[in-house]
C-alpha cells in the first residue's frame, strides 16, 4: 500500500548543497549531540589550527561519571551475586549437581571441565551438521518448486509479496513519525511537514525529545555552580562556561535543568526521609527505654530466683521462653510434669507464672474434733494461708506453687496409705480422711483452696467460716498445726529415702519396680498410740496406788522408764564431706534425724510395785510397719534379792538358800505377750487382787490364832478370794475392776440390801458383766449423736486401740455369811476409788477405812448385817 501523504521540500543547507553549507549543517548537529568540541565563546580569539590538532602525550582521560557514589539519586536495587555466599551454599549447589563435597578435588574438577568442553564441542558440531542438512534440504525444495505450477499458486505468491511490501511501508512510516516527533521539540516547523496527522492529534508536538546526557550533565553542574549550589566532586565546574551553557541547544539546557531539579528533589526527599527517620528514632528511643526498664525488672527477678537456688531451663519447643522448676524430683511422673512454669513477661515487666495446669493454690488442713461432756464438740484446726496477689514477688509465688504441688502429692499419698489402715480406725472418703487422734478426739484431713485476701466483697459465708476458725480451742489448734507439719516432714523424708535408693540401684531385673511407699499417717497414729499408752497406764497405776495407799498398803508405787526422744536423734555435723563416700556416711540433718526417730520403734516400761515381794514390769514396743503395739509383762524378783552383796557368791562359803522369788510366779504367771492394752490392765488388776487376797488370808490366820476359834481360812482356786473350810458361805472376795463394771456379786448385794434372801450361786466369782457398752449407749442416747457412738464403739472394740480412755478402777470387797436358820447367805460390799478417797467418803461411815479392819470384821462376823435386816 503506497503512502500518498505530501512530502516536505528539502531545506536549504540540509541534504545536498555546497560543502560549506554541508559542513555547517553537520557541525551544529554534531555539537548538539556532543560529538565535537564546543564552539569558542564570543569575543575570544581563534586559536591556530595547528595548535588545536596537537595530540596529547598521555592516555586519554577517563569518561566522567554522571553522578558520584554518594550523590542523592534514584538507583535500582543491586542484583544479588550469583556466586555462593558461604561454604554451606556452595556445598548445597554441589549436592544439587550430584557432586559429593568430600570427593571433590582438583583432578576431578579438571576431568569434569574437559568432559563439559567435549560435550559442548559435540553439540556445536551436531548443530552445524543439522544446519547444513536443513540448508541443503531447503535448496533442493526451492529448486524443485521454484516455479509455480498453476494460476492459484501464482496469485498466492503475488499476495505474499504485496503483504511484505505493505509491512515495509508501514515500518518506514512509523520510523518517519518517530523521527518527526523527536524533532518536533527543537524544530517544530520542519517536523510538522513529515509528521502524520494521527500522531500529531494523539501525542502532540514536542512531547518527545533527545539529547546527549554527557553534555546535559556538564551543563547541570555548570548551572548548579553558577546558582551557588556548590561544586561537583573534585572542585571542578564541569568544563563549561556561562557562554557555552547559553550556546547549548534548548533540549540540552532543558535536560540539564531537569537534572538539577531531579538532584534537588532527591535531596528534598532525603531530607524528608531523614526527618521521618528522626521522628521514628525518637519514638523508638522512648519505646526502647521503656523496654529496657521492663527487661531490667524481668531479668532482675529471674536472676534473683536463680541465685536463691531455683532451677531454670528452656521450654521444650519454645527455645526463647524460660521456665522454672518448683516441684520435687522424687514426685510421681504426672506431678513432676506439673512442676514447671514458664516465665512470661507482662506489660509492666513483671514475671508471670503460668500455673493453669497446676490449678488453684491449695493446702492440707487438719481438723481435730473433741467430744466433751454433754455431747459438745471442741474444734482445733491448722491455719490456712492467704492466697498471694499477682503483684507479689516471684520467689513468694514460686513458694506458693511449690507448696501446692506438695499438698497435692501429700493428699494422694495419704489416700493410698489410708486404704491400708482401715483396721486401725482410719476411714477414707471422697474429700476427707478420718483417723483416731486420741481419747475422744477425731482427726480429719482435707485439702482446701487458699483464702483470698480479705476485702469489702467477702461473702457472709466466708466471713462466718473465718470467725469460726478464729474461735477454736488454742490447745487443739497447736496440736493440729503440729500434726499437719509432721505430715509434710514425713513426705519430704520419704523423698529423701527414695533418692538414696535410686542413688544405689539394685541388680538388673525384668520386673518394674513398684512405686515408693511413704509412711506419713502411720507414724502419727503409732506415736499417738505410744503417748496414749503411757498416759493410760500411768493414770491407771496412779489410781490403783492411790487406792492401795487409802486402804493401808503404803508400799505400792510405780516408776516409768522411757528413753528421751532427743537421744534417738543423732547429732548434726557441720563439717563438709571430702568425697562422695564420706558424703553417704555423713551425719543426717536435724529434721531427718527427727523423722527417723519417729519412724523407728519406740519403747517404754513401767515398774509396778505392790509390796516388797511383788514387782511387775510392763514393757511396750510400738512399731510403724506393721502398725501395732506389743506388750510384755514380766515378774521381777523382790527388791531385797537384787542387792549386789547377795548376788556375789563366795568360793569357800557353803551354798546358801535360793534367792526369793516373786510369789506370783507360781500362782498367777503372766502370758508370753499381750496384744491389747485392755489385756495388760486386766492382768494388773487380777495380780493386785491376788496380792490383796494373800494379804487378807494372812490377816485372817493371825486373827484365828489370837481368837482360838479353830476356823481355817484358805485361798480359792482363782486366788482372789478367801473362804472358810467349815462354812461354804463364809467368803471374802477382792476385785479391782473399772467403775462401769457390774458383776453378779453386785446383783446379789443389791438383792441383799433390798431384804431379799438369796440362794448362793456357785462360782459366782467369775460371773461379771462389763457395763461399759451399756453406759456408752446411755450417754450417746442422751447426747443424740449416733454416729459418734458408732465410732467410739468401733474404737473400743479395736484389738489395738489405746485411743479410748479406760474407765477409772475401783477396789471392791465382797463378803458373804450364812443365815442362822436357813441355807441362805447375805452379802455386803465395800468400794474404794481414787475419787472417793480424795473426798473421804466411804459407803458405810461407821466402819473403818482400812483394809485390815474390813477383813478382820468380816472374818469375826462383826460386819455381818443384823438379823432383822436379813428378814423381809
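The values are calculated or read from the model by the stated rules, or taken from the named source; none is laboratory data. The model shown is predicted, which means the values in this text are computed figures rather than measured ones. Note that each Cβ is placed from the backbone with ideal geometry, even for glycine, and that neighbours are counted across all protein chains shown.
A few points about this structure:
- Candidates are the residues of the range 718-732 that are closer than 13 Å to residue 700 by Cβ and crowded, with 16+ Cβ neighbours inside 10 Å; the one that is nearest to the chain's Cα centre (by Cα) is 721.
- The helices (runs of 4 or more DSSP H) found entirely in the range 585-685 that carry 3 or more residues being at pLDDT below 85 and outside the structural domain of residue 734 (by TED's automatic domain parsing) are 590-599, 644-647.
- Here the condition is being modelled with pLDDT of 90 or more, under 39 Å from the mean Cα position of the chain (by Cα) and within 30 Å of residue 398 (Cα to Cα); of 334, 307, 354, it holds for 307 alone.
- Per this entry, residue 323 is not counted among residues that are more than 21 Å from residue 337 (Cα to Cα), in contact (Cβ under 8 Å) with a residue 12 or more places away in the chain and touching a strand residue (DSSP E or B) at 6+ places or on another chain (Cβ under 8 Å).
- Residue match in the range 357-372 (condition: within 28 Å of residue 517 (Cα to Cα), without any contact (Cβ under 8 Å) to a residue 24 or more places away in the chain and not in a strand (DSSP E or B)): yes
- Condition met for residue 410 (touching a strand residue (DSSP E or B) at 6+ places or on another chain (Cβ under 8 Å) and not in a strand (DSSP E or B)): yes
- Filter pass, residue 362 being under 25 Å from residue 332 (Cα atoms) and surrounded by 15 or more Cβ atoms within 10 Å (Cβ to Cβ): yes
- Taking (1) in the same structural domain as residue 493 (by TED's automatic domain parsing); (2) loosely packed, with under 12 Cβ neighbours inside 10 Å; (3) assigned to a loop (DSSP other than H, G, I, E, B) in turn, residue 309 satisfies each apart from (1).
- Residues satisfying the stated conditions in the range 623-638, i.e. crowded, with 16+ Cβ neighbours inside 10 Å and under 27 Å from residue 546 (Cβ atoms): 629, 631, 632, 633, 635, 636, 638
- Matching residues in the range 828-850 - criterion: being over 60 Å from the mean Cα position of the chain (by Cα) and at pLDDT 85 or above: 828, 829, 830, 831, 832
- Odd one out for residue 718 among (1) within 23 Å of residue 810 (Cα to Cα); (2) part of a helix (DSSP H, G or I): (2)
- Yes/no for residue 456 being assigned to a loop (DSSP other than H, G, I, E, B), at pLDDT below 90 and within 20 Å of the chain's Cα centre (by Cα): no
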